[in-house]
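The structure under discussion appears below in the form of structure tokens.
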Amino acid sequence: MPINQPSNQIKLTNVSLVRMKKGKKRYEIACYKNKVLEWRSGIEKDLDNVLQIPNVFLSVSKGQAAPHQDLAKSFGAKTPMNDIILEILNKGELQVGEKERHAQLERIHNEVIDIVAGKLVDPTTKRVYTTGMIDKALDQLSSQIQTQQAEAKANAASSDAAAKTADDATATEAKGKAKELPKWTGVVTTKSAKSQALDAMKALIAHQPIPVSRARMRLRITCPTPILKQSVKAPPKAGGESADGEEKAHGTVKDRILSYVEETEKQDVAGDEWEVTGFVEPGAYKALTEFIGSQTKGRGRAEVLDMAVVHEDD
């Protein structure tokens, strides 16, 4: 016996859904797998290669297309269907299956490990660690955090109600100290690989499951020689008056610049310009450039020759 399918129902399979809630209604569009991310990253330019069908649905799984009246109320009566689809595609929430989510998580995980392995070194030898060692160290950190969280829950559950006030005070103090150190709980798909790599590096440096430090930057710093011997200018105080007890600026501009440089490769003077090449900790780079800009009024500069200087095994 044939089954009659309602005319407003369209059955689609093997799709990636993009959802958006607007005007108290939830709308969906049906896309080909893996094409949404390519569209949003600019790799895919042809909309026909992204959409399985150029239509908006209330429910793709049920094949229920969105009525024109609902679309008009949510997006405006004069908004073309193509513009509605583009808004959902660009701003909607991508729904992915278990396999796609696992593949995406693995890809981001590998990117994070590669970034971290290229930025951290053994502080003694200045050599990079293998991606396997970095991966193992991060797994160790995430396991420690999970263990600590489980122990904290167990201790909270078994705490005596009579000593609750004292225990809470102690727990709050301990919790405040714990918050001072960055934590690593693993890779997620909701943040970029770069931002997660920065979090991972902070946690590795803070907890030191293996000896690590940030790879130093290699800079070339230039400054006019007349400015080098000048005294460091103190920043202006609010109200034009110096506050009591504050340390005033001292030393020359050259001395202060060299204080940021951990290791100097060479210094040279060519005409009326002084040049120094050396290694600087990444955390000091911003302060160095701000100091040079304020003291030289734009006449000095710091040029990055290498973002991360490492020694690799042959």
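The values are calculated or read from the model by the stated rules, or taken from the named source; none is laboratory data. Worth saying up front: this structure is predicted, and the values here are computed from it rather than measured. Positions of Cβ are generated from backbone atoms using ideal geometry, with glycine treated the same way; all protein chains shown enter the neighbour counts. Keep in mind that these areas ignore ligands, DNA and RNA; they rest on the heavy atoms of the full protein, side chains included. Shrake-Rupley method; radii C 1.70, N 1.55, O 1.52, S 1.80 Å.
Taking θ as phi - 60° and the Karplus parameters 6.51, -1.76 and 1.60, the scalar couplings of region 124-130 work out to 7, 8, 6, 9, 6, 8, 6 Hz in sequence order, x denoting glycine and proline. Paramagnetic label reach from Ala308 (point 7 Å along Cα→Cβ; backbone nitrogen cut-off under 15 Å): within region 272-299, residues 281-283.
Between Arg299 and Ala234, residue separation times 0.36 nm minus the direct Cα-Cα distance comes to 21.6 nm. Taking every protein chain into account, the accessible area of region 16-95 amounts to 57 square angstrom per residue (probe 1.4 Å). Proximity of backbone amide H atoms, modeled 1.01 Å from N, is registered between Ala30 and Gln52, Ile53, Asn55 at under 5 Å, excluding neighbours fewer than 5 places apart on the same chain.
Taking the charge dipole of region 84-131 about its Cα centre, with +1 at Lys and Arg Cβ atoms and -1 at Asp and Glu Cβ atoms, the residue from Pro123, Leu86, Leu105 reaching farthest to the positive side is Pro123.
Stretch Asp114-Asn34 to full length: gain in nm at 0.36 nm per residue minus the Cα-Cα span? Each step should come with its number before you reach the end.
Numbers: separation 80, 0.36 × 80 = 28.80 nm, distance 2.28 nm.
Stretched fully, the Asp114-Asn34 segment lengthens by 26.5 nm.
Over 12 Å apart: what share of the alpha carbon pairs of region 254-296 falls there, rounded to a whole percent? Across region 254-296, Cα pairs with separations above 12 Å total 63 percent.
Rg over Rh for region 16-95 works out to 0.94, using Cα positions for both radii and the Kirkwood form for Rh. For region 248-304, the solvent-accessible area of protein heavy atoms averages 59 Å² per residue (probe radius 1.4 Å; ligands and nucleic acids excluded).
Using 0.36 nm per residue and subtracting the Cα-Cα separation, the extra length available between Thr79 and Leu198 on full extension is 38.7 nm.
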